[in-house]
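Notes for the one structure printed next.
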Amino acid sequence: MSERFSATLRIGDLNDFIAPSQACIVSVKGLKPASSAKSDKPEVAIASRAVKTEPVKISLKDCLACSGCITSAETVMLEKQSLDEFLSNIDKGKAVMISISPQSRASLAAHFGLSPLQVLRKLVTFFKSMGVKAVFDTSCSRDISLIESCNEFMMRYKQTKSKGDNPLPMLASACPGWICYAEKTLGSYILPYISSVKSPQQTMGAALKHHVCQIMGLRVDEIYHVSIMPCYDKKLEAVRDDFVFQLDSPNEAQLDVVPLAEVDSVLTSGEVLDLIKLKAVDFKSLEESPLDKMMTNVDEDGHLYGVLGSSGGYAETIFRYAAKELFGRDIEGPLDFKIIRNSDFQEVSLEVDGKTVLKFALCYGFRNLQNIVRKVKINKCDYDFVEVMACPSGCLNGGGQIKPEPGQSAKDLIQRLETVYMDQVSVADPFRNPLVRKLYDEWLEQPGSKKAKKYMHTEYHPVVKSISSQLHNW
Amino acid sequence: MESHDGAWSLKEVQKLEGHTDRVWSVAWNPAAGVAGVPAMLASCSGDKTVRVWEQNPSSSSWFCKAVLDETHTRTVRSCAWSPSGKLLATGSFDATTAIWENVGGDFECVSTLEGHENEVKSVCWNASGSLLATCGRDRSVWIWEVLPGNEFECASVLQGHTQDVKMVQWHPTMDILFSCSYDNTIKIWAEDGDDDWHCVQTLSEANGGHTSTVWALSFNTAGDKMVTCSDDLTIKVWETDSAKMMSGDGYVPWSHVCTLSGYHDRTIFSVHWSREGIIASGAADDAIRFFVESKDGSVDGPSYKMILRNEKAHDMDVNSVRWSHGENRFLASASDDGTVKIWELVPVI
C-alpha cells in the first residue's frame, strides 16, 4: 500500500500472507459491470451481455467495500484521481471547479514563502489560465460542517441527558482515514458515536452540485469538481457510495443514468506543486487575481477569515457554542487546551460552580486514537466531544502535504505550517459567515433541517470481514 | 557453567498432559519456585486455552491448577508473566491480548487489549512491569503502558517490519524492545525522551544476521549478549558494549558475534539463555539442544559448543523452551504433540 495514505489506513492493510493479487475478490471475479454496480434494482441477466467481461480493474470503490487489503497498487488509487484526469476534463470542456482546503493553502504558502491570501489569489490566476471556471475555499463549506456539528452536538447532549440513542462522546467525522479505520476494523460499536456531518470537502461538493450550480446557470452534469486536500485518504472519501447521487429525472426513463459525485477528483497539495512544476510556471511571480467570492471566506476588505484550529477547529467551535448555549458562558480569549500525554492529545473543559460540565479533547495520531476507542468501548470515556484525526499533528501533517525541504525536519515544517495557517487570516464565527447564512436562507433552511440532513449529513457502514481476510495462519 | 565442564544428561521430570491441541508457548512464573512458593508454569495452546500448572511441594509432582478458557476465541499463541508474577498476559490469534490476575489462586481476566488487526504472536513485559509489548501478523509492534487499576494505555504503535512479527522481548534491564520477524530481521526500538518510540537498529543479513524468518530471541543475564534462532537453521549470538551500555550514554549498537550452524536441520523455533549461561534450543526436528560458550580460547573471538542434545524430546515440533528462574536447572518445553515437558539438566559425575 502506498506510504502516502495515513498511517491509520496503512495499518489496516496488514495481511502479509495474502498478497493483494490473491486476496482481492475483485481480481478473482472481475468487476461487476459498471451499470449494475450501484443499482438497487433487481438484476436481470441478459445472456448475450453477461458474456462480455471487462478487463479486470480494481477501483478505489472496490477497495473500500472490501475488508481485505486496501491494495498495494498505487495505480489503482490514481485511476480517477490523477492530474491527467483533471487536465483531460478541462480539455473536454467541463466546467471545472476547484475547492482549496486551508491546509493545502498553508502548505503552498510555506513552500513559496507567501501568505495564504497570496497563494489563493495566485492559484486563481494559475488555474483560470488553464481554463478552470471557478476556485473556491473549503473554509467556507467547513463553516456549514461546523454549524451542523454544533447543532448535532446539542441534540446528542440533550438526548444523552434524557437517555436517547445517539450517545456521547460525539466523535468528529472529517478525517477519512479515521472513518475508514472505524468502518473496516472497529465496526458497529463505534459508529454511533461518530458525527453524521459530512466533511468540508463533501459539504462543498453537495453545495456546488445541488445548489450553487443553479445560481451559476450550469447543469450539474457539466460540472467537474476537484478538491485540493492535505491528505490522500480524501481520495477514498470522494468515491464513497454515500457521496454519489443521481439526477432526479422526472420524465426520462432511466436509460444510462450517470451517477454523479459530489467531488469528482481530489488532488493533494503535493500534486498541485507537481502541476505547477509541470506547467513550468514561476508561481511566486504570478499575478494575483480576485477571489471567487461566492464560496470563499473573504471579507469586504479582501481578508481571509475562518476558525481557529488547523485540523478544522471542530473541538474549538463546538466547545464555545455549547458553553454559550448550554451554560451561558462566553469564553473570551483562546481556549485553555491542556496537553495530556503528548501534544497530540489535549483536553479542554468548562467548569460551572466547581463542577466540570463540558470536557472536550483533541486526539491526533493512531496511538492516541486507540486509547479513545478503547475508553469508549469499555464505557470509560468521559469526554463529550473528541476531535479525532488519524495523522499525528493533525491535518497540517497530512500525507498529501508538500514534503519538508532538504535539511528541514518534519517538526520544523509543522511549526512553520501552524504559523502560516492563520497568517493574516482573521478568526470568525461560522454562524456569522454571510455566505453560509445565505445558503441556509436560500436553500438549507435551518441547521439540522430535513434539507440540511439530506445534503450535509451522511451514514457509516461497518464493513463485514470477508473470509479471505480471516484465513488461518500462524 | 564454571561448576561443571564434564558431561550432562537431560532427565525428564514430568510430562504435562491436558491440552487438546498443539502447545505454543510456556512461561515460568518468576515469583514462584523461590522462597518456599511452589513453582508455577503457564502454557498456551491451539485449543484456545491457557493452563496453569503448579508443583506440589510435598510430592514434587506437577498438576494442572487452572484452565483459563472461554476468553480467547482462537489459538493462544503466547503467554508471559509480569515480573511480580501477579499478572499473566496472553496473546491470541483472535487479535486480542488478555490480562489475567491471580486472585487467591483463581485467575480472572481483568483486561482485554484490542488493536492488532489480526493474530497476536507474542507478548512480553518489561523488567519493571510498567510496559507490555505485543506483536503480530499485522507487522506492527505495540507498546502498552500499565496504569493503576489494571488499565492499559497504548503508548506506541511501531511499524517497521515488512512481515509478520514473531516475537517481542524487552531487554532484561533497560526499556529497550527487541522484535524479530518473518522479514528475516531483528529490530531494536527505544524511546526518544519525547514520548515517541523509534527503531534504533535493524539486524539483517547485511550485518551478519539471518537469511530467513527469525523466530525467537533471548538475553544472557548481564544483558550484553543476545541469542537468536531462525528458519535458516542457525543460531546467532550478538553482543553490545556492556560498559558503554551501563553508562546510559545514548544507544549502544549490537553486533554479530558468531553463528552456530550445522546442528539443526529443521527450523529452530525457540532459544532461551539460562542464568548460568546455557543456551537451550527447540526445533521442528523434535529435538532440544544445549550450547555453552567454549573456553577453548579461539583467536576468532567467542565460539559456542553443543554440550547435549535430546533428539526425541517430543513426538513433534518443539515450539518453546524456557528455563526456570530457580536454583535448579529446570527446563520446560512445549510441543505440537500437545504436551508440556519439565526437564532437569544434570551433570554426569
Worksheet entry | Order of exposure, largest accessible area first, which applies to B:Met246, A:Met295 with probe 1.4 Å | B:Met246, A:Met295
Worksheet entry | Cβ-based net charge around A:Lys133, under 11 Å, with every Lys or Arg adding one and every Asp or Glu removing one | 0
Worksheet item: Points 7 angstrom from Cα along the Cβ direction at A:Asp423 and A:Lys158: gap in nanometres?
Response: 4.4 nm
Worksheet item: Cβ under 11 Å from B:Thr211's Cβ, B:Thr211 left aside: what net charge do those residues give with Lys, Arg +1 and Asp, Glu -1?
Response: -2
Worksheet item: Working from the pairwise distances between different alpha carbons, so that the mean of 1/r is found and then inverted, what is chain B's Kirkwood radius in Å?
Response: 20.2 Å
Worksheet item: How high is the FRET efficiency from A:Arg432 to B:Asp175, r the C-beta distance, R0 51 Å, rounded to 0.05?
Response: 0.50
Worksheet item: Tell me, what is the FRET efficiency for B:Glu17 and B:Asn150 to the nearest 0.05, using R0 = 51 angstrom and their Cβ-Cβ distance as r?
Response: 0.95
Item to complete: Return one whole number: the accessible area per residue of the protein assembly as shown in Å², for a 1.4 Å probe.
Response: 42 Å²
Fill in: Accessible heavy-atom area order of A:Phe126, B:Phe63, highest first, probe of 1.4 Å
B:Phe63, A:Phe126
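With a Förster radius of 51 Å, plug the Cβ-Cβ distance of B:Ala206 and B:Ala127 into 1/(1 + (r/R0)^6) and report the FRET value to the nearest 0.05. Before the final figure, lay out the partial values.
Values: r = 30 Å, r/R0 = 0.59.
Rounded to the nearest 0.05, the efficiency is 0.95.
What does the charge count near A:Thr458 come to, summing +1 for each Lys or Arg and -1 for each Asp or Glu among other residues with Cβ under 13 Å from its Cβ?
Neighbour charge sum, excluding A:Thr458 itself: -4.
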Discussion item. Could you tell me the relative contact order of the range B:17-285? Use alpha-carbon pairs under 8 Å, at least six residues apart, and round to a whole percent.
Written reply: 8 percent
Worksheet, complete the sentence: Judged on accessible area alone, 1.4 Å probe, highest first, A:His461, A:His210 line up as A:His461, A:His210
Fill in: Accessible area buried at the A-B interface, both sides summed, 1.4 Å probe (Å², nearest 100)
2700 Å²
Response to the item:
Partner aspartates and glutamates whose C-alpha sits under 14 Å from that of B:Lys15, ignoring same-chain residues fewer than 8 away, are B:Glu54, B:Asp315, B:Asp336, B:Asp337, B:Glu344
Worksheet entry | Amide N of the range B:128-167 lying under 12 Å from the label point, which is placed 7 angstrom from the Cα of B:Glu108 along Cα→Cβ | B:150
Fill in: Additional length obtainable on full extension of the chain from B:Val346 to B:Ala7, 0.36 nm per residue less Cα span
121.2 nm
Item to complete: Ratio to report: Rg/Rh of the range A:73-211, with Cα atoms as the point set and Rh obtained by the Kirkwood method; give two decimals.
Response: 1.06
Fill in: Simple spin-label estimate for A:Glu325 and B:Val37 in nanometres, 7 Å along Cα-Cβ
5.6 nm
Response to the item:
Expressed as a percent, the accessible surface of the range A:361-429 that is carbon or sulfur, using a 1.4 Å probe and the full set of protein chains, is 53 percent
Worksheet item: Once you put a point 7 Å from the Cα of B:Glu70 and another 7 Å from the Cα of B:Thr221, both along the Cβ direction, what distance in nm separates them?
Response: 4.3 nm
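Counting other Cβ atoms within 10 Å, keep those with at most 12, restrict to DSSP loop, and tell me which trypsin sites (Lys or Arg not before Pro) in the range B:196-301 are left.
Listed in order of number, the matching sites are B:Lys295.
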Discussion item. Tell me the relative contact order for the range B:207-349 as a rounded percent, counting alpha carbon contacts under 8 Å between residues six or more apart.
Written reply: 16 percent
Worksheet item: How much solvent-accessible surface does B:Met245 expose, in Å² to the nearest 10, with a 1.4 Å probe and all protein chains in place?
Response: 10 Å²
Item to complete: Under a cut-off of 19 Å between alpha-carbon atoms, report the lysines in cross-link reach of B:Lys305, not counting same-chain residues fewer than 8 places apart.
Response: B:Lys225, B:Lys236, B:Lys295
Worksheet item: Per residue in the range B:91-137, which ones lose no less than 40 Å² of accessible surface when going from chain alone to all protein chains (1.4 Å probe)?
Response: B:Glu114, B:Glu117, B:Arg137
Item to complete: Rounded to the nearest Å, what's the spacing between the alpha carbon centres of the range A:115-154 and the range B:259-289? Just the number, please.
Response: 64 Å
Practice prompt. Compute the separation of the alpha-carbon centres of the range A:271-287 and the range B:324-349 and state it in Å as a whole number.
Written response: 70 Å
Item to complete: Using the structure shown, list the pairs from A:Lys92/A:Lys235; A:Lys161/A:Lys450; A:Lys161/A:Lys338; A:Lys293/A:Lys338; A:Lys355/A:Lys377 with a Cα-Cα distance above 30 Å, or answer none.
Response: A:Lys293/A:Lys338
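The values are calculated or read from the model by the stated rules, or taken from the named source; none is laboratory data. From a predicted model like this one, the values you see are computed outputs, not experimental measurements. Reconstructed Cβ throughout: ideal geometry from the backbone, glycine too, with neighbour counts over all protein chains shown. Side chains are part of the model used for accessible areas, which takes the heavy atoms of the whole protein and leaves out ligands, DNA and RNA. Shrake-Rupley method; radii C 1.70, N 1.55, O 1.52, S 1.80 Å.
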